[in-house]
Amino acid sequence: MENKMTSIKLFVAGTDTGVGKTVLSLLLMQFFSERGFSPFYLKPAQTGCRDPYAQDSDARFIYGHVKALAGQDPGDSVIYCMKTPKAPYFAARDEAMEIDFAKIQAVVEGKSAVYSPLIIEGAGGLFVPVTEKLMVIDMIQMTGAKPIIAARAGLGTINHTLLTVDALRRRGMETAGIILLDGGKEGTPPDMIAENIEAIEKSSGIKVGGVIGKIDD
């Protein structure tokens with residue numbers, strides 16, 4: 001029997017760009033798919049790739065590593081795709097494109113009525129501009145999704161992670177979880193990771209859900 005999680009939406013929010021949001025999104029998709037749920041991956045604004053089928057497309061990466069998505073169209077998961085690796089607002093402006101939050105909201109509502117959970121991946125950190133006036137944090141609030149923070153495991157993550165938690169709380173949103181990702185060429189020393197976890201948990205009151213090491217593409 002297929003499991004259902006009515007109206008559950010998870011938003012993978014990064015403390016910065018390149019922290020591992022797509023890897024975390026993939027693992028969430030695999031986790032729920034392998035347990036009989038019907039998850040759906042959504043990337044509202046993808047920058048830095050030609051189209052959803054390009055080698056560097058986040059959606060293509062996800063679809064290529066989730067068995068349940070074999071043969072399905074990665075383009076279904078991307079609302080806006082811009083070539084330049086910039087903040088979505090500026091990448092869209094370069095292409096004379098305008099990102100419409102109402103369109104994003106409509107897609108989120110439509111997909112969440114069919115799939116559950118909906119895994120939404122952000123772009124960069126919370127204050128990255130998506131439109132001239134609205135940022136990633138506004139997208140989280142608009143969708144009503146529960147934010148899961150993807151953060152680096154190494155040096156600097158304490159400050160970045162706590163600032164992210166604080167920014168969400170100031171908007172009335174509580175973080176559903178924090179995951180550290182250690183995807184660099186040289187792994188972070190275990191004692192530093194342990195200290196980072198200690199500081200984050202003590203100051204935020206949120207337990208770090210785990211540490212993800214480097215995975216093969």
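A few points about this structure:
- Set of aspartates and glutamates with alpha-carbon distance to K67 below 18 Å, sequence-local pairs under 8 removed: E2, E34, D58, D76, D216, D217
- Sorted ascending by nearby beta carbons within 10 Å, beginning with the fewest, H160, H65 become H65, H160.
- Antiparallel bridges, percent of DSSP beta bridges restricted to the stretch 58-217 (to nearest 5): 10
- Each residue, D166 and D191, gets one label point 7 Å from its Cα in the Cβ direction; the gap between the two is 2.8 nm.
- 3J(HN,Hα) along the stretch 150-165, derived from phi through the Karplus expression 6.51 cos²θ - 1.76 cosθ + 1.60 where θ = phi - 60°, amounts to 9, 10, 5, 8, x, 4, x, 6, 4, 4, 4, 5, 5, 5, 5, 4 Hz, with x in place of Gly and Pro.
- Considering only alpha-carbon pairs that sit under 8 angstrom and 6 or more positions apart, the relative contact order computed for the chain is 25 percent.
- Under the shape rule built on the C-alpha gyration tensor, where the axes satisfy a ≥ b ≥ c, the stretch 77-146 is prolate, since a/c reaches at least 1.5 and a/b is greater than b/c.
- The stretch 1-125: antiparallel DSSP beta bridges as a percent of all, rounded to 5: 10
- Considering only alpha-carbon pairs that sit under 8 angstrom and 6 or more positions apart, the relative contact order computed for the stretch 116-217 is 25 percent.
- Helix-only CD estimate at 222 nm, as mean residue ellipticity for the chain, using -39500 (n - 2.57) per DSSP H run (n ≥ 4): -10500 deg cm²/dmol
- Surrounding net charge for T84, when Lys and Arg each add one and Asp and Glu each subtract one, Cβ distance under 11 Å: +2
No value in this document is a laboratory result; all are computed from the given coordinates. If you're wondering where the values come from, they're calculated on a predicted model, not measured in any experiment. We place every Cβ from the backbone using ideal geometry, glycine too, and count neighbours over all the protein chains shown.
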